[in-house]
Amino acid sequence: MIAGCGYQAKMVDAELNLAESPKDSEQWVKVRLLFVRGAVDKTKTQTGKHDWVVFLCTDTALSATEILQRFAMRWAIEVYFKEAKQHLGLLKEQSNHYAAYIASIHLAAIRFCLLAIAKQIQDANSIAQIRQKICSNSTDISFASKLWQVFRAIITGALDELKAVLGDAITLLLDIIDAHIQYFFVQTLQLDPGTIKLDAL
């Protein structure tokens, strides 16, 4: 057992030949193989022969605990790339320009950093939780802005019938209504007037 962890482990030091073919000169390197499996949990009476995983490490001075810690840090990197590719638009741009790919990588990284900051500020359990919350808010904001465009069209149509009576006051009335609705979006939904206009296009 690894001290402080619920894992069984076996370590083997070996030499690995990195030559790609028998014709190439031999390139022997020392590696440490760490075989690990979890201890028995509530759902199992015993661990099976297929429950073992193996980690390969080129630093043969590292202990089993240190190897697992290093691979745990690598796992966070894998999670980042999965999140960035699936949800943050990493390399999703339709472009053949190298500069666009560089921009895409940096923009995805900025998005991830903003989510990480939001996770810390809001004391969330995970970045995915924050992302889902933001996506939900964005959907609500988009729906609200589009719904207002429908209501505005109905109001404008109704006021057009009163143009003979109200005259230029209709334009003033619509401007007042627009100002109040935009104030509502800014204060309640945190949507600026410029975005409202873009959504209307």
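A few notes on this one:
- Listed cross-link partners 92/119; 30/85; 85/146 are compared with a 27 Å cut-off, the Cα-Cα value being larger for 30/85; 85/146.
- Extended-chain gain in nm, criterion 0.36 nm per residue less alpha-carbon gap, residue 31 and residue 146: 35.4 nm
- Two-site label geometry, residue 128 and residue 156: point separation in nm, points 7 Å out along Cα→Cβ: 4.4
- Remark: spin-label model distance residue 73-residue 166 equals 6.6 nm, labels positioned 7 Å along the Cα→Cβ axis.
- Taking label positions 7 Å along the Cα-Cβ direction at both residue 100 and residue 10, the computed distance is 5.3 nm, reported to one decimal.
Each reported figure results from applying straightforward, stated rules to the coordinates on display, with no laboratory input. Fair warning: this is a prediction, and the values are worked out from it, not measured in the lab. Reconstructed Cβ throughout: ideal geometry from the backbone, glycine too, with neighbour counts over all protein chains shown.
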